[in-house]
Ligand SMILES: Nc1ncnc2c1ncn2[C@@H]1O[C@H](COP(=O)(O)OP(=O)(O)O)[C@@H](O)[C@H]1O
Ligand SMILES: [Mg+2]
C-alpha cells in the first residue's frame, strides 16, 4: 500500500528560540511545529513581537534554534556543515526584507547579480538572468541606477530580483510591504503571488497587513512565539 504524501519543503518540530538577555531571557519562538508543502503561499500573521521575524530567520538559516528540529528542502539545518549551510542560504532560500537591504554603492544590476557571483556563477549568464528578472519587474530602465535614485517600490522590486537570482525553491518575505504605500505594497504582493502560482515557488510572507490574505493557501498565526490560530480571526 502506498500513501501518497508530498514531502514537505518545511518541516519544523518544537522549534524554539530563546534569546539570552543579561541574567534573564526572552522567548522569541516557543515550540513551533509546522509543515509546509511545496507550492504553498503561507501568510504568517501575528502582532509585533509575536515571533514572525524569528521564525523567518531560522528558516533562512540566518539564526540557530535553541531547541527543536528543522528540515528545509531536504537540509537538516541543525546538522549541516557550515559550507552546506552557506550554499543553503545562497541557493535554496531567497529573502526579502521590509528595509530592502540593498547595497547603496552598487547599481541595481550589481545588487541583483551579487548573490550569484558570490555563489561562484559565471558573469555572462548571471547578467542575462538579471536582465530577464528586471524586465519582468518593469525595472529595465533602472538597471544602472543606485538605490538612492529609486522609489520604495523600485527598491523592493530590485530586492525581489536579487532574491530570485539563484533560483531559490523557497522565498521568505519579512514585512515586504511595511515601507511601501498601498499601491506599491499591492504590486509586491501580486508579484509574490505570481511567483507562487506561475513559477510554483513556495512563498512565506510575514505581515501585519491584510493585503496578502486573498492569495494565501494557508495562514499561520503566532502569538507570544507560539502558533495560535484563533489570533488570525478577523
Ligand atoms: N536579537 C534579539 N535579542 C533579544 N530579543 C529578541 C531578539 N530578536 C527578537 N527578540 C524578541 O523576540 C520576540 C519575537 O520577536 P520578533 O521575532 O522580532 O517578532 P515579530 O517579527 O513578530 O515582530 C520579541 O519579544 C522580541 O523582543
Ligand atoms: Mg518582525
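Only the coordinates and a few stated rules stand behind these numbers; no lab work does. These figures come from a predicted structure and were not determined experimentally. Here the Cβ is made from the backbone with ideal geometry for all residues, glycine too, and neighbour counts use every protein chain on show.
Quick notes on this one:
- Principal-axis tilt of helix 108-118 within the chain, Cα atoms, nearest 10 degrees: 60
- The Stokes-Einstein estimate for the chain, based on a Kirkwood radius over Cα pairs and taken at 4 °C with 1.567 mPa s viscosity, is a diffusion coefficient of 71 µm²/s.
- For the chain, the 222 nm mean residue ellipticity estimated from helices alone, with every DSSP H stretch of n ≥ 4 adding -39500 (n - 2.57) and the total spread over all residues, rounds to -9000 deg cm²/dmol.
- Cα centroid separation, the range 119-188 to the range 1-70 (Å): 26
- On Cα atoms only, tilt of 182-197 relative to the major axis of the chain in degrees: 80
- Cα long-axis angle, helix 152-164 against the chain (0 to 90 degrees, to the nearest 10): 70
- The mean sequence separation of alpha-carbon pairs under 8 Å and at least six residues apart, normalised by the residue count of the chain, gives a relative contact order of 29 percent.
- Projected-area mean, the range 119-234, by convex hull of Cα positions, square nanometres: 8.8
- Mean-square fluctuations from a GNM of the chain, with a 10 angstrom spring cutoff on Cα atoms, peak among 71, 105, 126 at 105.
- Put simply, when 75-81, 28-34 are sorted by average Cβ atoms within 10 angstrom per residue, most first, you get 28-34, 75-81.
- Taking 17 Å as the cut-off, the amide N atoms of the range 95-128 that come nearer than this to a point 7 Å along the Cα-to-beta-carbon line of residue 48 belong to 98-99.
- Spread of Cα-to-Cα distances over 5 Å intervals beginning at zero, given as percent, for the range 139-196: 4, 17, 31, 24, 18, 6, 0
- GNM top mover of 83, 209, 24 - the chain, alpha-carbon springs below 10 Å: 24
- Relative contact order (percent, whole number), the range 1-112, Cα cutoff 8 Å, 6+ residue spacing: 26
- Approximate shape of the range 11-137 as ellipsoid semi-axes (Cα gyration tensor, √5λ), whole Å, largest first: 30, 17, 15
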